[in-house]
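For reference, the structure I am asking about is given below.
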Amino acid sequence: MAQESPKNSAAEIPVTSNGQLEDSHEHSFNKDLKRSLPVGLGLSETKITSHGFDSTKEGVVEAGPFPGSSSASPKPSVVSPSSAAASRLAGQGCDLIVPRGGRAQQKSGPVVLADEVKNPAMEKLELVRKWSLNTYKCTRQIISEKLGRGSRTVDLELEAQIDILRENKKKYENILRLAQTLSTQLFQMVHTQRQLGDAFADLSLKSLELHEEFGYNADTQKLLAKNGETLLGAINFFIASVTTLVNKTIEDTLLTVKQYESARIEYDAYRTDLEELNLGPRDANTLPKIEQSQQLFQVHKEKYDKMRNDVSIKLKFLEENKVKVLHNQLVLFHNAIAAYFAGNQKQLEQTLKEFHIKLKTPGADAPSWLEEQ
């Protein structure tokens, strides 16, 4: 053919006998590489290399002095492409520029240690997940017990003491209601007796012919009102002491009992979960679950044992305190009622002195004019 078909220049790179490129094509390659670099960056001062890898020969582009300078002969360009090096360079996220005769300098930037930084949102999410899982297990255990399908741990001696405590609390609350009713009725009676005594005294002064008769009745009603106030003080002291015993001491013990029952439910729930896992197959997938379930079961077993011990101690101290308090208050109530209805004013007053009860004078609860200011 007289004229050859045009060919791609990239396909016409001749190779010498020793496998190197010819000088003319090397000059064209370097010239094209220079035009592709940014303005102001000399070809002879450029070196791009990867950093942070074991090999320094992968992905290296080196360019020697520009051809045509009289100082040195041109050096051949070496291009060693590597897909692995390119991917690692892309993962680094930073460029390294090394001037001629210097060392590599890495651009500074913030360093974040992801493993050491804790995310508050993730922590809250984990807490919610654990709470939801624990609630689900406990709810399932409660439903199973009510349906008669699940087993529960029972301490017969401790459960009997708790039942007696709850029954006694109801009985003490009934005594308190009756004592409060008696106190209210006695207060109304004392108030009526005081008013009746005042009316008799007034008539004693205005009716000369019945002066002595009205006077006797006035003194009697006033004495009864005074003794009634003394008895009312004793009853109110009895009510206050028993109220403290029922609403504070016993209630605090029952709060510990509720915590013990919650710990018992959690213990039985994780015990049932562990038993179900042990009945299943044992392979690489189930063994980590069994080990984790065993650890959780041990944690809740220790919590259950601790709460059971706390309940036993509190029940013991409560029994001692209850006997001491009720003994004194029942003696006070009996002596005060007996002395009042026997008309023994001295014995009634002596009873109040023995228990260090101070009667409140009328108007004592009202604030003084200094406090009002």
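Filter region 260-278 for residues that are in contact with a Phe, Trp or Tyr (Cβ under 7 Å, 6 or more places away or on another chain) and open to solvent by 10 Å² or more (accessible area, probe 1.4 Å) and give the result.
Of everything in region 260-278, those that are in contact with a Phe, Trp or Tyr (Cβ under 7 Å, 6 or more places away or on another chain) and open to solvent by 10 Å² or more (accessible area, probe 1.4 Å) turn out to be R264, Y267, Y270, R271, L274.
I would also like to ask the following. Being surrounded by 19 or more Cβ atoms within 10 Å (Cβ to Cβ), of a type in the set (S, T, Y) and under 16 Å from N328 (Cβ atoms) is the filter here, so list the residues in region 229-246 that pass it.
Of everything in region 229-246, nothing turns out to be surrounded by 19 or more Cβ atoms within 10 Å (Cβ to Cβ), of a type in the set (S, T, Y) and under 16 Å from N328 (Cβ atoms).
Can I ask one more? For region 286-318, what are the residues that are surrounded by 14 or more Cβ atoms within 10 Å (Cβ to Cβ) and either at pLDDT 90 or above or among the charged types (D, E, K, R) (or both)?
Selection gives K301, K303, Y304, M307, R308, D310, V311, S312, K314, L315, L318.
Taking only pairs six or more apart or across chains, which ones have beta-carbon atoms under 7 Å, a first residue in region 208-222 that is more than 24 Å from N344 (Cβ to Cβ), and a second residue that is open to solvent by 90 Å² or more (accessible area, probe 1.4 Å)?
As it stands, the answer is none, since no pair meets every condition given.
Right, F333: in contact with a helix residue (DSSP H, G or I) (Cβ under 7 Å, 6 or more places away or on another chain), at pLDDT 85 or above and either part of a helix (DSSP H, G or I) or open to solvent by less than 100 Å² (accessible area, probe 1.4 Å) (or both) or not?
In short, yes.
Still on this structure, I have one more. Looking at (1) modelled with pLDDT under 90; (2) closer than 18 Å to V242 by Cα, which is the one condition that is false for D283?
Looking at each condition in turn, D283 falls short on (2).
Which condition breaks for Q161 when tested against (1) over 30 Å from Y340 (Cβ atoms); (2) in contact (Cβ under 8 Å) with a residue 24 or more places away in the chain; (3) open to solvent by 80 Å² or more (accessible area, probe 1.4 Å)?
(3)
Let me ask you something else. Within region 175-225, track down each residue that is open to solvent by less than 100 Å² (accessible area, probe 1.4 Å) and of a type in the set (K, R).
R194, K222
Okay, next question. Being more than 18 Å from Q292 (Cβ to Cβ) and open to solvent by less than 100 Å² (accessible area, probe 1.4 Å) is the filter here, so list the residues in region 118-129 that pass it.
N119, P120, A121, E123, V128
Hey, can you tell me all the residues within region 337-373 that are modelled with pLDDT under 80 and either touching a Cys at 6+ places or on another chain (Cβ under 6 Å) or acidic (D, E) (or both)?
Scanning region 337-373 gives D365, E371, E372.
Looking only at residues that are charged (D, E, K, R) and closer than 19 Å to A263 by Cα in region 130-152, which one is surrounded by the most Cβ atoms within 10 Å (Cβ to Cβ)?
So, considering only residues that are charged (D, E, K, R) and closer than 19 Å to A263 by Cα, the one surrounded by the most Cβ atoms within 10 Å (Cβ to Cβ) is K137.
The values are calculated or read from the model by the stated rules, or taken from the named source; none is laboratory data. Worth saying up front: this structure is predicted, and the values here are computed from it rather than measured. In this analysis, Cβ positions are derived from the backbone assuming ideal geometry, glycine residues included, and neighbour counts consider all displayed protein chains. The accessibility values were calculated without ligands, DNA or RNA, using every heavy atom of the protein model including side chains. Shrake-Rupley method; radii C 1.70, N 1.55, O 1.52, S 1.80 Å.
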